[in-house]
């Protein structure tokens, strides 16, 4: 096989030469060439080695169904393996490399696999390398991985830009061949919005009416519910690497679709049919007519249908010699005889190719003649056609099983996805004239390949059936046929044919495997689009973010938010900073942005009733100007969330939630208002982002606030006691809301201003508190303080704890209806054996309790059966040392007991004493300090 | 030459903070919708639409809810009126390729968006309210997402207009 | 998958959140005691092929709660209504 460029013909631009490299060697092609056509034109026959056996391989097809010519394209971080050379349009400077070979494509030591091939048949992974089991991880698996890889990943982050977009249309036409263009034109003529996709770029401009949006180089790879289709548009794969977006994932929502994807040819298997030079007959014709390339000089045809006879006049006109036409049909056909006569080509009717012959490429074929006896015919290309298969993969993305049409010996679409119609060859029309189905020529000298990419042979299929894997889905997995990157496009039907013959069943009965998206491999980068790295999710910033950053804050991700975690001074690590901040709050005053906690504005005539229903405790009796702690359960009686709710007016409340549950609580409240109690007149508006909220905590908090609260507003303890709230102005007229609540256990307030003022407020507070030694504090210090005070938070509200577990059983009203009431009353939710909230202190002050540690009785074996609970929150208090909160069986009855704190993951194993959860100021004196 | 510099018609996609106006949300009480409309003297949009009234814009914000942009006297007692001027960030997108840019972010049929349409949807992963004002589109997100939305718009705009 | 919100129109799945089956009726006795009716409402579900009623929340849209009747084996959406 030695290909060459024909003196004329083809649609490539012969006035635009393009230089490229393959395996380090320089070649020249023309604009419009694919890598495959350019290599064939340059006489290259070897383009890769096969997956399992490392056999030499050449170009087989001309489209995306190509199984052999897989190359690595580009270099460095842009290097992409398994690119089909038949789809890669060449550009100036393109660098490509063959895959899956030793140092040289021509001489591959791993081809010795071939000698071992009796041991490498179907299911060999399961049968060999079984013993000893200990060798598997260290020896066998690494060996197999090294020997059997298809292409190499770049190993570097993908530097390309990928886009995503959504398009809407009335009609999506898939495939811009004659039938697709006609369908698109007709639909546009009736005023419908039409999108037409084709996976190639047309070499000749297509004439389309306005109203048809044509997406070239766009492969529709999946069909989904609701008329949704996914397509991959290759924007710059045909151009040198640059900063332009490489590919675009197009989600198409279409009223209906028309599948005009044509048909893909299937070969006939025979001995050594994987030699470079064995090609699909229509591909040979494509290279001549589209690219002006003859893949060889002496071409033998092997066919079983009249469609393939079209190659004969094409070759004759191009002046390429035809070695002969081997027709599997006993009398061949008039079409073949006529065409062959016109081309002076001998016809061998009723014959079969036993095997191809040649070293690293076809040099001849051994043929069994109808009358008996063999003939050795020299040739350098065997153009084979076993018929055409409607390209119907997309029709079965919805579970539709293709149906065998015996009249054309092909699978045609069965049940279709909703609103999809199929036209032309994809529907089986105009195909396989006079076909006589032949899947394998019937001889077994050497290997007869079915799946060229995964190296699966006819013998493998028969072996699989012998071993009991006779169902087509089992056959696929046991042999790996159809599981490579080409998904069996040129091998599935032949394998089913061979299987059916082996089983003695009809092909329709044998059936076919399901096709699933994606139709072609899709880069993961295309599925991610812009959402990679830090941009995987959007980041939410608090209104004081810049102020905190200016002070050197280290930030922590809390869901989507960034929150200041601690404000280290020079030389401080996180612990030193957090402990200093705790001391500042407990001894003076500190400020912390608490904007991220959900804030829901609840108004309406039935606002109070609504709160009664969603919280466990009482709300109707809360006076205006007061705040109350609220506990919210799920319908199954377990704790969902907690927060404080303030009554700003008769029918106006503001609820807070934890940061993590803000959206979930809103969703739940909407369910209560829209579904369960539709009759209640209440409105729910999120105001989390409207108000920037800052906690001001510590003995000097009132004094600090007094300096910025405007004059008529009274902050004295008489006028504004613990758990009061008011609307006021600060800093000379800024509208604000003030809540006297405490998470730290100190005298504390939370001041809310419209978000745009929060930055200025933080600075004003820092100035006002400077004389007292004010310090900003972050979530780390916040956490230490709330653990010191035994307040349950996220780790305790873990979805598995009941109110009783958290020591809040008294908050469940006995008088009214509320969410979770019935199921919370189940005796099991208050049983003593339940793990309930306690505090822990280590016996030895040098030990540090860590969250996640398990609690075992002292002396009990460290096994799951001894487990009595776990540490939920732990902190290193500047005044108390290591403290923790934990859930422990029968906790409240065990204060004073010594337990074993067991942390095998981090090596902790020491004793601790069970205490009341409130470690600091249990009487709450400091709230009023 | 001067025409080419007309700021009202940018030559490139242009993303900016929309001119600041007062924003309040209006949520009719069940007793309220008819009385509310009577008090305001206007029929409030019952579908995702926008209308102008006495110099203010009233934008559908969900069933029985609206955003009111601008100064407009709102009657008390018939609806929940909640300040949202600081809760939302409004970005405007003007100039060429608006539809192409928005198709990259919005999962709705933006090409068929009428001048008075409103949509509550996603821009990428960020919740937005979308409507048109004259020659531009307005995207309103929660204030804390402002930087993220701006960045997403800039990215979508950067490679626009290449066809 | 696409759901037609009665307020917003036809939208993609990413805008919605499924929470639970809508086939059961919530007891209206105020929940004073944990009755078998409550336990059934919380925990028991029939796992049937064919059309089922489901609660979906238009989380990235207008926040409406919807009752969607959907065939769980063909994914066809048969109806969408407000509660």
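Observations
- From A:794, A:820, residue being within 14 Å of chain C (Cβ to nearest Cβ) and out of contact with any helix residue (DSSP H, G or I) (no Cβ under 8 Å at 6 or more places or on another chain): A:820
- Screening residue A:552 against (1) part of a loop (DSSP other than H, G, I, E, B); (2) farther than 30 Å from residue A:245 by Cα; (3) out of contact with any strand residue (DSSP E or B) (no Cβ under 8 Å at 6 or more places or on another chain); (4) in contact (Cβ under 8 Å) with a residue 24 or more places away in the chain leaves a single unmet condition, (4).
- Qualifying residue in region B:134-147 (condition: out of contact with any strand residue (DSSP E or B) (no Cβ under 7 Å at 6 or more places or on another chain), over 23 Å from residue A:544 (Cα atoms) and not assigned by TED's automatic domain parsing to the domain that holds residue B:48): yes
- Residue selected from region B:9-39 under the condition assigned to a strand (DSSP E or B) and in contact with a helix residue (DSSP H, G or I) (Cβ under 7 Å, 6 or more places away or on another chain), by the criterion nearest to residue B:153 (Cα to Cα): B:15
- Counting only residues that are touching a helix residue (DSSP H, G or I) at 6+ places or on another chain (Cβ under 6 Å) and away from chain A (no Cβ under 11 Å), region C:1-29 holds 1 of them.
- Strands (runs of 3 or more DSSP E) contained in region A:223-286 and holding at least 1 residues over 21 Å from residue A:489 (Cα atoms): A:228-234, A:247-259
- Some residue of region A:596-604 being more than 14 Å from chain B (Cβ to nearest Cβ), crowded, with 24+ Cβ neighbours inside 10 Å and on the phi < 0 side of the Ramachandran plot: no
- Listed by position, the strands (runs of 3 or more DSSP E) contained in region B:57-163 that have at least 1 residues being more than 10 Å from chain A (Cβ to nearest Cβ) are B:65-69, B:88-94, B:118-123, B:126-133, B:136-142.
- All positions within region A:173-197 that are more than 14 Å from every other protein chain (Cβ to nearest Cβ) and assigned to a strand (DSSP E or B): A:173, A:174, A:196, A:197
- Residue list for region A:145-171, filter: away from chain B (no Cβ under 14 Å) and at pLDDT 90 or above: A:156, A:157, A:158, A:159, A:171
- Qualifying residue in region A:671-689 (condition: away from chain B (no Cβ under 14 Å), modelled with pLDDT of 95 or more and in contact with a strand residue (DSSP E or B) (Cβ under 7 Å, 6 or more places away or on another chain)): yes
- Sub-8 Å Cβ pairs linking a first residue in region A:565-577 that is more than 14 Å from residue A:782 (Cα to Cα) to a second residue that is assigned to a helix (DSSP H, G or I), at least 6 apart or interchain, are A:568/A:574; A:568/A:576; A:568/A:577; A:569/A:577; A:569/A:580; A:572/A:580, ordered by first then second residue.
- Here is the figure for region B:107-117: residues that are touching a strand residue (DSSP E or B) at 6+ places or on another chain (Cβ under 6 Å) and surrounded by fewer than 23 Cβ atoms within 10 Å (Cβ to Cβ) total 3.
- Residue A:813, sole failed condition from (1) part of a loop (DSSP other than H, G, I, E, B); (2) in contact with a strand residue (DSSP E or B) (Cβ under 9 Å, 6 or more places away or on another chain); (3) in contact (Cβ under 8 Å) with a residue 60 or more places away in the chain: (2)
- Here region A:528-547 is the region considered, the condition is being in a helix (DSSP H, G or I) and within 14 Å of chain B (Cβ to nearest Cβ), and the residue that is nearest to residue A:780 (Cα to Cα) is A:545.
The values are calculated or read from the model by the stated rules, or taken from the named source; none is laboratory data. All of these numbers come straight from a predicted model, not from anything done at the bench. Cβ: placed from backbone, ideal geometry, glycine included. Neighbour counts: every protein chain shown.
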